[in-house]
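For reference, the structure is listed below as structure tokens.
What follows is calculated from the coordinates using simple rules that are stated; it is not laboratory data. Since we're looking at a predicted model, the values are computed, not measured. Heads up, the Cβs are rebuilt from the backbone with ideal geometry, glycines too, and the neighbour counts pull from every protein chain shown.
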Amino acid sequence: MGRRPPAVRSAPRRQAARYDLTSGRPDLSLFPRTAWLAAARRALATAPHEALDYGSPLGRIELRQALTHYLARVRGVRTDPDRLLVCTGVTQGLGLVCAALRERGARALAVEEYGLPPQHAVVRAAGLTTAPVPLDADGALVDRLDARAGAVLLTPAHQYPTGTALSAERRAAAVRWAREQDRYVIEDDYDGEFRYDRQPLGAMQALDPERVVYAGTTAKSLAPGLRLAWLALPDALVEPVARLKALADTMSPVLDQLTLAELITSGTYDRHVRRCRLHYRRRRDHLVAALAEHAPRVRVTGIAAGLHAVLQLPPGSAPEAELLARAQRAGLSLAGLGWHRAAAPAPAETPPALVIGYSTPPDHVFPAAVRALCELLRGA
Ligand SMILES: Cc1ncc(COP(=O)(O)O)c(C=O)c1O
């Protein structure tokens, strides 16, 4: 994932690692520095003085307009600038939505049984408990949603971290649940732009924009350090979420918003995403080929999209914690699947699995990182 996990369970340690394969940060050497600078220059040169003042907690209108068109075109999201809110990350957006749901009386949020522990911490900090939903090859078993949950947090395009896509039936069932029970779905579309060899999967939000909160981010497409993300909100949540955003930090910083708006409307953002998609696809193919050759008993899953893969190790392999300790000694920073569990630890007999972020190392390090990984798996 993008952020350094807190030191819990088998959290990867990054400081000493030569090879960082913790899941899913982009290759930061791809950040379009020249294009960003040019867009920032244009944005600043043309912005009215009032753009530099306190403004709407929803964010700058230029970015909300650009995102409305971009998200409709690329992800099929149905929204308009008055229902878009710019925030400093999906992390902040999730916290705001949870706080708004808490105000409406919710006590719990259903979450996929594997997910992002820092997100779970955000949910709890907003006063909700997390209620894990089991997963299978078609994504979350949404017919098992906890009756107490005020909403369910899903990663429908590419389940984080297992990499499955939520089936059409399950998408429809989750939306039906939300409508019938007066609940919400929160769709975390964290890597929706990066799909490789499967049919495009549009956003689930299009099924019912009044029941699905759509969350998107630049954390994978540009850089997590930008802290620039957005929510497409149902009408009923616009006022509470905007009010809570104003309470949290008034609004997101304007210059980066104007720059991103410029990058999107000029078509530069599309070109950048296309370039990254190609780059990551090559990375993925390299990883898959290397594993097939050097660690053929390892099953690689979740690779049709995104910036990470899950490696399922064969039964009888060393336990996850042991593998992670060996990886650390070999200078490899990795995350185990177990670290991502929202539910109680998996049964002891569950074979270990690793979540590999193949996008993270710069190009000159990547082949050596894959070699080190294959070496580790040979001895697993
Ligand atoms: C599942 C998931 N959701 C969201 C994000 C992005 O969060 P943010 O926009 O707060 O950086 C990530 C980043 O790695 C992620 O892995």
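Give the calculated FRET efficiency between Ala168 and Asp146 to the nearest 0.05, with a Förster radius of 22 Å applied to their Cβ-Cβ distance.
Details: r = 23 Å, r/R0 = 1.04.
Efficiency, rounded to the nearest 0.05: 0.45.
Expressed as a fraction of 2.2 N^0.38 Å, the rule-of-thumb size for a compact globular protein of N residues, what is the C-alpha radius of gyration of the range 107-207? Please list the in-between numbers first.
Working: Rg = 12.9 Å, N = 101, 2.2 N^0.38 = 12.7 Å.
Cα Rg divided by the expected 2.2 N^0.38 Å: 1.01.
Determine the calculated [θ] at 222 nm for the chain from helices alone, applying -39500 (n - 2.57) to every DSSP H run no shorter than 4 residues and normalising by the residue count; nearest 500 deg cm²/dmol.
Values: 10 runs with 143 residues, N = 380.
When only DSSP H runs of four or more count, the value is -12000 deg cm²/dmol.
Around the Cα centre of the range 33-266, unit charges on the Cβ atoms of Lys, Arg, Asp and Glu (plus for the first two, minus for the last two) sum to a dipole of about 200 debye.
The length gained on full extension between Asp80 and Arg297, counted as 0.36 nm times the residue separation minus their Cα-Cα distance, comes to 73.3 nm. Within the chain, the longest run free of chymotrypsin sites (Phe, Trp or Tyr not before Pro) that sit in a DSSP loop with at most 16 other Cβ atoms within 10 Å is 197-380. Relative protection proxy for 247-257, 218-228, from highest mean packing down: 218-228, 247-257 (other beta-carbon atoms within 10 angstrom). Counted over all Cα-Cα pairs of the range 61-165, pairs farther apart than 17 Å make up 59 percent.
Quick one: which of 57-64, 319-326, 202-209 comes out on top by average Cβ neighbours within 10 Å, and what's the full order, highest first? If you can, show how the numbers build up before the last one.
Numbers: 57-64: 23.4, 319-326: 18.1, 202-209: 21.5.
By packing density, highest mean first, the sequence is 57-64, 202-209, 319-326.
Please sort 136-143, 44-51 by packing, taking for each peptide the average over its residues of neighbouring beta carbons within 10 angstrom, highest first. List each step's numbers first, then the result.
Details: 136-143: 17.4, 44-51: 11.0.
Sorting 136-143, 44-51 by mean packing, highest first, produces 136-143, 44-51.
Net charge around Arg107, counting only other residues with Cβ within less than 13 Å of its Cβ (Lys, Arg = +1; Asp, Glu = -1)?
Numbers: positive: Arg102, Arg104, Arg124, Arg148, Arg183; negative: Glu103, Asp146.
Around Arg107, the surrounding residues sum to +3.
Computed over the alpha carbons of the chain, Rg followed by Dmax gives 20.4, 65 Å. In the range 137-291, the convex hull through the Cα atoms has an average projected area of 11.1 nm², a quarter of its surface area.
Give the dimensionless ratio obtained when the Cα radius of gyration of the range 201-355 is divided by 2.2 N^0.38 Å.
Numbers: Rg = 20.4 Å, N = 155, 2.2 N^0.38 = 15.0 Å.
Taking the Cα Rg and dividing by 2.2 N^0.38 Å, one obtains 1.36.
To the nearest ten degrees, helix 90-103 and the longest principal axis of the Cα atoms of the chain are 60 degrees apart.
Which FRET efficiency value, to the nearest 0.05, is calculated for Asp197 and Ala346 with the Förster distance at 41 angstrom and r the Cβ-Cβ distance? Intermediate values should be presented prior to the final figure.
Values: r = 29 Å, r/R0 = 0.71.
That gives a FRET efficiency of 0.90.
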